[in-house]
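The values are calculated or read from the model by the stated rules, or taken from the named source; none is laboratory data. The structure presented is a predicted model; accordingly, all values stated were derived computationally and were not measured. With ideal geometry, Cβ positions are generated from the backbone for all residues, glycine too; neighbour counts draw on all protein chains shown. For the accessible areas, the whole protein counts, side chains as well, though only heavy atoms, and no ligand, DNA or RNA atoms are used. Shrake-Rupley method; radii C 1.70, N 1.55, O 1.52, S 1.80 Å.
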Amino acid sequence: MRRTRRTRLITAALAVGMGLPLGLLSAAPASAHGHGRSHGGPMAFQPIEGSAYDRMSADWSEPLVAPRGFRQKLVADETVLDIYGGGTDDLTDMNTVNETGRQAGRYLYRTHEVSSNGAVSVVDLRTGEAKVIAQRADWRRLDGVRWTPWGSLLVTEETSGGRVFEVFLDRKDLTKVTRVEERRELGILRHEGIDVLPDGTVFVIDELNGGSVYKFVPTRRGDLSEGRLHALKINGLSDAAQKWNPETYGEKTGAFTWVPLDEEQVVSDADAASNAVNATEFGRPEDVEVIGDTLYVANTSENRVVAVNLRKNVLSAFVQAGVNAPVEDRAAGVTGFKSPDNLAEGPDGRLWIVEDNYASDIWVAGRDRDRDGAADTTELFASLKDPGAEVSGIYFGKDPKTLFFSVQHPDKPLADGTWKITRRR
């Protein structure tokens, strides 16, 4: 997700205008995915023809229908590390590697989205050894995980009353946890995605229909125990229009303001704090990804990903079904863009998107070369074969030709785990 992203953040300005998208794409799979090879770079690919509707099976050796020239390899599933046993899924979710330091890229950290006794595990990508490094009875639905610029992990709970935890690691052994701190200052929310800027600013979201987008500004870089949480509020809308409405979410674009929230409310109920200032509500914002000067937010119930220009303070619809991505009709076997969930920054700076859907597809958004605020293209990279599973935790580590992804709650036994797909050299 962040090959060299930390050195590019803030310096790469992606101007976001407010014109109309490039045009309505056909819902037919061939035209939906573009023609010819995807724009170059380390992960250049020929888009696949459509979702894995007619290839669904719990009997697979590779989880994805993927383009030619790519190799899929298991990182760790329940045959390697079975945390909960007894046929209970480990619910492997998001991934990150140690992005900085002497052994950068060696260790892959994973969250497990179980209802209680949540865990964080690590896989040594050099040796293949996998183990649990942190687990607590009160941890519920662990989901987001990010490496911070100062060398800790941020882990989130995707549940009502969800918290953010900062996990500190032994600098001499990054598979050992030295302490865990609860960071209520980042809001008590239904947390999922989380991202961190080099200056220590943290972005979070509230994963529900009516959830808002938040920015935490620390008093001191690297210290998340003190600071101020802000909520995004689009300018010029009435208080009623700021509320979640499945009929009018498309109107929520344009200039916005980061509104500071009451700190006493934030540490007990950040949703109430954002409601008190009539912050903008979206349809299940689930993940965030900063690329250059743009914060991308996946709004699952809206079938769209929005782009939040952090330099100009303007929000636009970057990918939206029926605008610059096709509309799905599974009953008719028509591939489309539905329920975007997790996001990743590709090695060439493009946005990768995975669906919370069946089949769970992985899309790649093109650049916004005409500067209208929307991706010029969307292309279908891969589709999950397992009929009971979804892809989660898409992430690029240090190798620009390798995408890590998790297969969550599959029908195939003991297959809940993490894979990687690599473009052949």
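Values computed for the structure shown
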{"read-out": "The lone exception for Gly187 - which of (1) in contact with a Leu (Cβ under 7 Å, 6 or more places away or on another chain); (2) under 19 Å from Leu343 (Cα atoms) it fails", "value": "(2)"}
{"read-out": "Meets criteria (within 19 Å of Ser268 (Cβ to Cβ), among the charged types (D, E, K, R) and surrounded by fewer than 23 Cβ atoms within 10 Å (Cβ to Cβ)) for Arg183", "value": "yes"}
{"read-out": "Qualifying residues in the range 273-309 (those that are open to solvent by less than 10 Å² (accessible area, probe 1.4 Å), part of a helix (DSSP H, G or I) and in contact with a Leu (Cβ under 9 Å, 6 or more places away or on another chain)) - the one farthest from Tyr358 (Cα to Cα)", "value": "Ala273"}
{"read-out": "Any hit, the range 221-244, residues being touching a residue at least 24 places away in the same chain (Cβ under 8 Å), open to solvent by 10 Å² or more (accessible area, probe 1.4 Å), touching a Leu at 6+ places or on another chain (Cβ under 9 Å) and of a type in the set (A, V, I, L, M, F, W, C)", "value": "yes"}
{"read-out": "Residue in the range 248-268 that is at pLDDT 95 or above, of a type in the set (D, E, K, R) and under 17 Å from Ile205 (Cβ atoms) present", "value": "yes"}
{"read-out": "Enumerated strands (runs of 3 or more DSSP E) restricted to the range 315-425, each holding at least 1 residues that are in contact (Cβ under 8 Å) with a residue 40 or more places away in the chain and open to solvent by 30 Å² or more (accessible area, probe 1.4 Å)", "value": "417-423"}
{"read-out": "Spans of strands (runs of 3 or more DSSP E) in the range 125-217 with at least 1 residues under 20 Å from the mean Cα position of the chain (by Cα), in contact (Cβ under 8 Å) with a residue 12 or more places away in the chain and over 30 Å from Thr257 (Cβ atoms)", "value": "142-147, 153-157, 164-170"}
{"read-out": "The one condition in (1) aliphatic (A, V, I, L, M); (2) closer than 30 Å to Ala255 by Cα; (3) out of contact with any strand residue (DSSP E or B) (no Cβ under 8 Å at 6 or more places or on another chain) that Val334 fails to fulfil", "value": "(2)"}
{"read-out": "Filter pass, Ser152 being at pLDDT 95 or above and either open to solvent by less than 10 Å² (accessible area, probe 1.4 Å) or more than 25 Å from Asp206 (Cα to Cα) (or both)", "value": "yes"}
{"read-out": "Gly105, sole failed condition from (1) at pLDDT 95 or above; (2) open to solvent by 30 Å² or more (accessible area, probe 1.4 Å); (3) small (Gly, Ala, Ser)", "value": "(2)"}
{"read-out": "The listed residue being hydrophobic (A, V, I, L, M, F, W, C), at pLDDT 95 or above and out of contact with any strand residue (DSSP E or B) (no Cβ under 7 Å at 6 or more places or on another chain), out of Ala66, Ala119, Ala58, Ala52", "value": "Ala58"}
{"read-out": "Selection status of Val75, in a strand (DSSP E or B), open to solvent by 10 Å² or more (accessible area, probe 1.4 Å), within 21 Å of Lys412 (Cβ to Cβ) and not charged (D, E, K, R)", "value": "yes"}
